[in-house]
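K.L.:
Dropping the structure in here first, questions after.
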Amino acid sequence: MSRVVVTGRIPEAALEKLRAEHEVDAWQGPESIGREELLRRVAGADGVVSLLTERIDAELLDAAGPQLKVVANVAVGYDNIDVPACTERGIVAANTPGVLTDATADIAMGLILMSTRRLGEGERLIRSGQAWKWGMFFLLGSSLQGKTLGVVGMGGIGQATARRAKAFGMEIVYQSRSEIDPQIAAELGARRVDLNELLTVSDVVSLHCPYGPATHHLIGAEQLAAMKSSAYLVNTARGPIVDEAALASALREGQIAGAGLDVYEHEPRVHPELIELENVVLLPHLGSATVETRTAMAMLAADNALAVLSGEGPPAPIN
Ligand SMILES: NC(=O)C1=CN([C@@H]2O[C@H](COP(=O)(O)OP(=O)(O)OC[C@H]3O[C@@H](n4cnc5c(N)ncnc54)[C@H](O)[C@@H]3O)[C@@H](O)[C@H]2O)C=CC1
Ligand SMILES: O=CC(=O)O
């Protein structure tokens, strides 16, 4: 029997699965586990099931000790894990691709609709108690039909978002590290372009690439200036892909029409200027937040950990 540390609350079904084979030490506090507590608990662990709010770095891996075999993230994004540090120590890192693709694409499409149709503004207006009535020019937004969606990072979630946008009548362009399956590109009518062209031609730019040194502030003042003044930026990927101060300034100056965000540069803090602006929709990192999706993510993370601890390859390895 091995010892598995779970760094935060996860669905019971996944805990039961882990407990059936191993001794499980799961943090159950209402708040995130503190760093000191986490470093103390991982000592002697053979497996760590981590949430994206916990930094899994060399210090933590060393605090765990040389018996640590697996870090299973309950997330597809793994910018919270120092993967080279895992690899150097012979530790398998794993994530949860696929099971959250549709849920996250739904939120991206939701943000596209909310921002282009000014749904947040309308909701806030009614709740404010201010008088309102139907008017020819009241809260006019922008139609999606015949407009262009630019997808940055055409992986699972990027493609699922493109599929939804196509159903709303949008044309698709994308920029990605690699070409996508030609059959999927044909189905979507998606054209691969470079980032500069994507920014110039898109009416909505939606970010779906992973976060890392190559994508830090991929969208900054220069890129925002390249976008149409009628365009919208949607980010369900990771906050620091966008220079948030530059975005606030572009939204304030009307350099772009609006934005929809699910993630933040210094999460959970939100740039104070963004909170003041009407033309940005702000969601609290809800991409995968459905009961079904979170359960599937936790079960896949458990499967990843269990496979490695029984000497097999995990279903979703990173390294
Ligand atoms: N808001 C939320 O709750 C959620 C956010 N995410 C974020 O979405 C990201 C994408 O997830 P998936 O689509 O499942 O991953 P994926 O690995 O299927 O897709 C990522 C795509 O980005 C491309 N890419 C990599 N580097 C790039 C670069 N420098 N420029 C442009 N494209 C690049 C890859 O080639 C790949 O096609 C995750 O890394 C995570 O950060 C994922 C799930 C939920
Ligand atoms: O942000 C969520 C993830 O799974 O990545």
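Coordinate-derived values only; no laboratory data. Not measured: the values here are computed from a predicted model. No Cβ is skipped: glycine too gets one built from the backbone with ideal geometry, and neighbour counts run over all protein chains shown.
K.L.:
What FRET efficiency would be calculated for the residue pair VAL193, ARG40, taking the C-beta separation as r and a Förster radius of 45 Å, to the nearest 0.05? Intermediate results must be reported in sequence, preceding the final value.
P.N.:
On the way: r = 50 Å, r/R0 = 1.11.
The pair VAL193/ARG40 has a calculated efficiency of 0.35.
K.L.:
Could you work out how far apart the two model spin labels at ARG9 and LEU125 are, taking each label as a point 7 Å from the Cα in the direction of the beta carbon, and quote it in nm?
P.N.:
It is 3.7 nm.
K.L.:
Compare the peptides 266-276, 96-106 by average per-residue count of other Cβ atoms within 10 angstrom and give them in order, highest first.
P.N.:
By packing density, highest mean first, the sequence is 96-106, 266-276.
K.L.:
How high is the relative contact order of the chain, given as a whole-number percent (alpha carbon pairs under 8 Å, six or more residues apart)? Please list the in-between numbers first.
P.N.:
Details: 630 pairs, mean separation 61.0, N = 319.
Relative CO of the chain lands at 19 percent.
K.L.:
Students often forget the sequence filter, so: which lysines lie under 18 Å Cα-Cα from LYS166 once same-chain residues fewer than 8 apart are removed?
P.N.:
LYS147
K.L.:
Please rank ARG177, ARG118, fewest neighbouring Cβ atoms within 10 Å first, as an exposure proxy.
P.N.:
Numbers: ARG177 10, ARG118 22.
Placing the least packed residue first, the sequence is ARG177, ARG118.
K.L.:
Applying 1/(1 + (r/R0)^6) with R0 = 25 Å to the Cβ-Cβ distance of SER143 and LEU277, what FRET efficiency is obtained, to the nearest 0.05?
P.N.:
Values: r = 22 Å, r/R0 = 0.90.
Efficiency, rounded to the nearest 0.05: 0.65.
K.L.:
Further question on the same structure: Between ARG117 and GLU222, what is the label-point separation in nm under the 7 Å Cα-to-beta-carbon projection?
P.N.:
3.7
K.L.:
Note down the nm distance, to one decimal, between modelled labels 7 Å out along Cα→Cβ at MET1 and at GLN67.
P.N.:
Calculated label separation equals 1.3 nm.
K.L.:
Moving to a separate point now. At q = 0.07, 0.09, 0.10 Å⁻¹, work out log10 I(q)/I(0) for the chain with the Debye formula, treating every Cα as an identical point scatterer and leaving solvent out; two decimals please.
P.N.:
-0.31, -0.51, -0.62
K.L.:
As a check on your grasp of the helix formula, calculate [θ] at 222 nm for the chain: sum -39500 (n - 2.57) over DSSP H runs of n ≥ 4, divide by the residue count, round to the nearest 500. Could the numbers behind the result be given before it?
P.N.:
Working: 13 runs with 120 residues, N = 319.
Rounded to the nearest 500, it is -10500 deg cm²/dmol.
K.L.:
Give me the number: length gained by fully extending SER178 to SER32, i.e. 0.36 nm times residue separation minus the C-alpha to C-alpha distance, one decimal in nm.
P.N.:
Working: separation 146, 0.36 × 146 = 52.56 nm, distance 3.62 nm.
The SER178-SER32 span can extend by a further 48.9 nm.
K.L.:
Using θ = phi - 60° and the Karplus curve 6.51 cos²θ - 1.76 cosθ + 1.60, what whole-Hz ³J(HN,Hα) does each residue of the range 100-113 get, with Gly and Pro shown as x?
P.N.:
With coefficients 6.51, -1.76 and 1.60, one gets 10, 4, 5, 4, 6, 5, 4, 5, 4, 5, x, 5, 4, 5 Hz.
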